[in-house]
Amino acid sequence: MTTEPPVLLLREHFDTLLEALARRGYKVVGPTVSEGTIVYDEVSRAEDLPVGWTDEQEGGRYRLKRRDDAALFGYAVGAQSWKQYLHPPRLRLVKADRDASGRMSFSDGDDAEPERYAFLGVRSCELHAMTIQDRVFLGSGVADTHYERRRKRVFSIGVSCGVAGGTCFCVSMGTGPQVTDRTPHDLALTEVIEEERHYFILTAGSDEGREVLAGLPVTPAGETEVSAAKQRVDQTAATMGRRMNAEGVRELLLENLEHPRWDDVAQRCLTCANCTLVCPTCFCTTVEDVADLTGDHAERWRRWDSCFTLDFTWMHGGSARQSGKSRYRQWLTHKLSTWHDQFGSSGCVGCGRCITWCPVGIDLTQEIAAFRDHPITPSPSQP
Amino acid sequence: MSAAASSRPKLAVWKFASCDGCQLSLLDCEDELLAVADAIEIANFAEATRRVVDGPYDLSLVEGSITTAHDAGRIREVRAQSKYLVTIGACATAGGIQALRNWQDVGEMASVVYAKPEYLETLATSTPIAHHVPVDFELRGCPVNKHQLVEVVLAFLHRRKPLVSAHSVCVECKLRGNPCVMVAHGTPCLGPVTQAGCGAICPAYNRGCYGCFGPMESPNPAALSSQWTAMGVPDRDILRAYRSYNGYAPPFREESDRHEP
Ligand code: SF4
Ligand code: SF4
Ligand code: SF4
Ligand code: SF4
């Protein structure tokens with residue numbers, strides 16, 4: 001938690017937070033119900049949130065269900081993640097034009113002013129995912145300016161989870177469910193529903209967060225209220241849908257690159273790429289050039305790609321990773337093993353999206369358990 | 001047409017056993033076609049004009065499958081006259097819906113349907129063009145996507161590889177932000193085994209993918225069927241889902257056969 005003394009905001013005053021953000025010029029985006037799922041979209045009032053909804057999540061299965069209260073944040077994460085705003089699925093990088101004399105000119109394709117977003121309801125695992133993507137896009141010394149321009153304008157309101165999803169395992173990955181100072185955020189809140197009262201315990205994580213709080217009809221939070229909030233988050237931590245023994249998993253995978261379990265999972269895997277596209281840390285893209293019919297105007301676009309496609313490793317002579325086995329292995333070893341070498345942390349925050357949104361319910365926590373149960377020692381003859 | 005026109009690449013469009021839907025996609029590219037009218041000569045396109053310019057042709061777009069001995073001969077002539085031959089649509093690339101005959105006795109069907117079946121001259125099978133002649137590029141879809149069709153013609157004009165991805169429909173579905181109908185609604189969807197190109201239209205309207213663009217680059221239909229079975233889809237429906245427009249494409253054909261009673 002932050003150093004600030006926590007404050008209390010009553011549910012009936014929740015809209016004042018959204019109004020304050022709108023007044024500061026933010027477009028507020030947050031969870032909302034659409035077509036039987038919870039997606040991220042523009043929200044202008046508390047009523048736009050999934051009021052009184054929760055989700056049931058299992059491998060390859062997601063259903064919305066009514067809660068017996070009117071909680072605003074009584075569910076876990078959906079298929080979408082905030083990366084769709086910071087690292088858009090499609091982005092124009094360059095425009096190129098050829099004039100009548102044949103002279104070429106190039107200009108920035110990402111030339112529109114990015115929206116100033118306030119992200120409402122960012123879970124702790126998601127704040128960790130954003131921190132991981134910060135390292136990917138900004139940490140190498142050469143910043144990805146497209147990401148940077150979007151990221152630095154964001155105001156984030158974290159939510160400590162009051163309920164764990166069926167495929168969540170943030171506790172195993174050390175990324176939740178409590179929003180902490182380990183991840184930058186502007187505000188953090190915990191929702192509490194009691195017999196008589198429905199309120200939020202709020203803390204500020206930045207100067208701008210403090211300014212916003214100062215303008216809201218909040219009261220100092222009492223000890224009992226703060227501990228009621230903590231109790232709910234502790235309860236969430238104790239009821240994780242999944243767990244994964246992450247200790248030494250980096251080495252475990254590298255020592256088992258020829259384990260028969262890879263063949264087993266390849267039999268089940270569709271190489272459809274859903275897991276990578278829903279993963280909040282996956283960042284891979286491809287670049288596509290398009291020209292109009294005259295050939296005088298061309299554009300270069302970047303779009304999300306995945307290590308599950310054959311084009312991803314296309315070189316002269318074909319794709320390097322032909323088999324489903326080699327592609328699943330790339331995904332899992334990158335997330336849990338080689339990510340450490342590349343970016344100094346795990347690439348997995350335990351959000352469970354890849355489990356829920358895999359059409360056939362392949363579950364990385366089960367795969368890791370299988371490697372642990374029957375590890376093989378690499379034989380020297382194997383590459 | 002002026003004499004100078006002869007220096008422009010000649011485009012021909014050919015029809016075999018098909019519904020004309022793919023040619024109509026090309027007709028639907030009116031604006032785009034007008035823009036290339038200077039760059040390309042439409043030498044043969046029955047849906048658009050009766051004018052026929054003799055071959056050879058620089059680019060032939062072929063719609064439809066081979067269902068008669070006459071067509072089997074005709075496609076060889078087209079191939080011989082064409083520098084590049086691109087097949088368009090499920091009929092031309094996989095045999096089409098009419099390939100359902102490949103599982104039936106055609107003689108028996110004809111005797112039931114036609115008063116004088118002896119007038120009928122037809123092959124026992126409907127097969128893709130590539131079974132008969134070498135094909136330079138196959139553009140999938142039932143019907144083909146208009147933008148992909150323009151892209152193929154453009155790529156040919158600009159002498160580059162067409163930008164047509166062979167990955168799953170799921171990629172387009174997620175890029176578009178659709179909720180997954182398999183996971184969230186329990187609706188069977190062929191998207192994970194089907195090639196992208198349609199823009200994931202059906203899932204965007206809460207329908208499962210029908211597989212119009214045929215098998216994706218590395219399909220695993222057996223794994224998808226296990227999931228469908230677990231969702232309660234009977235074998236008969238699995239068989240029918242695979243055996244449609246692209247039913248004769250090997251991965252779909254084999255999977256449908258596995259679900260024969
Ligand atoms: S690997 Fe799966 S559980 Fe881990 S962060 Fe990505 S989507 Fe979430
Ligand atoms: S797991 Fe695959 S898609 Fe995700 S970041 Fe790694 S290589 Fe890219
Ligand atoms: S693990 Fe699941 S989501 Fe990922 S590619 Fe395989 S089948 Fe698709
Ligand atoms: S709805 Fe169908 S196409 Fe879309 S992600 Fe789900 S399985 Fe794939």
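The values are calculated or read from the model by the stated rules, or taken from the named source; none is laboratory data. Worth saying up front: this structure is predicted, and the values here are computed from it rather than measured. When we count neighbours, we look across all protein chains shown, and the Cβ atoms used for this are built from the backbone with ideal geometry, even at glycine. Just the protein is used for accessible areas: all its heavy atoms, side chains included, with ligands, DNA and RNA removed. Shrake-Rupley method; radii C 1.70, N 1.55, O 1.52, S 1.80 Å.
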Show the residue pairs meeting these rules: Cβ distance below 6 Å; 6+ apart or different chains; first residue within the stretch A:305-334 and polar (S, T, N, Q); second residue within 16 Å of ligand 1 (Cβ to nearest atom). A:Ser306/A:Ala273; A:Ser306/A:Thr276; A:Gln330/A:Cys307; A:Thr333/A:Leu253
Among the residues of the stretch B:238-261, write down those that are without any contact (Cβ under 8 Å) to a residue 40 or more places away in the chain and open to solvent by 40 Å² or more (accessible area, probe 1.4 Å). B:Arg240, B:Pro250, B:Arg253, B:Glu254, B:Asp257, B:Arg258, B:Glu260, B:Pro261
Top-ranked residue of the stretch A:357-371 - restricted to ones that are closer than 15 Å to A:Cys279 by Cα and either open to solvent by 10 Å² or more (accessible area, probe 1.4 Å) or assigned to a helix (DSSP H, G or I) (or both), ranked as farthest from ligand 3 (Cβ to nearest atom): A:Thr365
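Taking the residues in the stretch A:287-336 that are β-branched (Val, Ile, Thr) and in a loop (DSSP other than H, G, I, E, B) as candidates, determine which candidate is nearest to ligand 4 (Cβ to nearest atom).
A:Thr309
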Kindly check whether there is at least one residue in the stretch A:119-141 that is open to solvent by 40 Å² or more (accessible area, probe 1.4 Å), at pLDDT below 95, hydroxyl-bearing (Ser, Thr, Tyr) and away from ligand 3 (no atom under 16 Å from the Cβ). yes
Applying the selection to the stretch A:338-374, what residues are small (Gly, Ala, Ser) and within 12 Å of ligand 1 (Cβ to nearest atom)? A:Ser345, A:Ser346, A:Gly347, A:Gly350, A:Gly352
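Residue by residue, here is whether (1) within 16 Å of ligand 3 (Cβ to nearest atom); (2) modelled with pLDDT of 95 or more; (3) closer than 21 Å to A:Ala129 by Cα holds:
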residue: A:Pro217; (1), (2), (3): no, yes, no
residue: A:Gly222; (1), (2), (3): no, yes, no
residue: A:Gln231; (1), (2), (3): no, yes, no
residue: A:Pro260; (1), (2), (3): no, yes, no
residue: A:Val265; (1), (2), (3): yes, yes, no
residue: A:Arg268; (1), (2), (3): yes, yes, no
residue: A:Cys275; (1), (2), (3): yes, yes, yes
Just to check your reading of the model, which residue among B:Ala115, B:Ala43, B:Ala39 is assigned to a loop (DSSP other than H, G, I, E, B), outside the structural domain of B:Arg240 (by TED's automatic domain parsing) and surrounded by 14 or more Cβ atoms within 10 Å (Cβ to Cβ)? B:Ala39
Would you please name the residue that is modelled with the lowest pLDDT, looking only at residues in the stretch A:1-44 that are under 23 Å from the mean Cα position of the chain (by Cα) and open to solvent by 40 Å² or more (accessible area, probe 1.4 Å)? A:Met1
I'd like the full set of residues that are more than 16 Å from ligand 4 (Cβ to nearest atom) and free of Cβ contacts under 8 Å to residues at least 40 places away in the same chain, limited to the stretch B:155-181. B:Ala155, B:His158, B:Arg159, B:Arg160, B:Lys161, B:Pro162, B:Leu163, B:Val164
Unique residue being touching a Lys or Arg at 6+ places or on another chain (Cβ under 7 Å), within 12 Å of chain A (Cβ to nearest Cβ) and open to solvent by less than 30 Å² (accessible area, probe 1.4 Å) when the list is B:Val193, B:Val183, B:Val150: B:Val183
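Does A:Phe308 satisfy being outside the structural domain of A:Met104 (by TED's automatic domain parsing), within 16 Å of ligand 3 (Cβ to nearest atom) and open to solvent by 60 Å² or more (accessible area, probe 1.4 Å)?
Answer is no for this residue.
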Output the residue which, of all residues in the stretch A:248-296 that are open to solvent by 50 Å² or more (accessible area, probe 1.4 Å) and hydrophobic (A, V, I, L, M, F, W, C), is nearest to B:Phe156 (Cα to Cα). A:Val290
More than 10 Å from ligand 3 (Cβ to nearest atom) and open to solvent by less than 40 Å² (accessible area, probe 1.4 Å): which single residue out of A:His334, A:His374 fits that description? A:His334
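Could you go through the stretch A:347-356 and let me know if any residue there is surrounded by fewer than 18 Cβ atoms within 10 Å (Cβ to Cβ), away from ligand 3 (no atom under 15 Å from the Cβ) and under 24 Å from A:Ser172 (Cβ atoms).
no
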Among residues belonging to the stretch A:248-300 that are facing another protein chain (nearest Cβ under 8 Å) and within 16 Å of ligand 2 (Cβ to nearest atom), point out the one that is farthest from A:Pro89 (Cα to Cα). A:Cys269
Enumerate the strands (runs of 3 or more DSSP E) found wholly within the stretch A:1-69, keeping only those where 2 or more residues are closer than 23 Å to A:Thr180 by Cα. A:7-10, A:27-34
Given the conditions (1) more than 12 Å from every other protein chain (Cβ to nearest Cβ); (2) in contact with a helix residue (DSSP H, G or I) (Cβ under 6 Å, 6 or more places away or on another chain); (3) not in a loop (DSSP other than H, G, I, E, B), which single one is not true for A:Gln342? (2)
Residues of the stretch A:177-200 classified as in contact with an Asp or Glu (Cβ under 6 Å, 6 or more places away or on another chain) and either open to solvent by 50 Å² or more (accessible area, probe 1.4 Å) or of a type outside the set (Phe, Trp, Tyr) (or both), total: 2
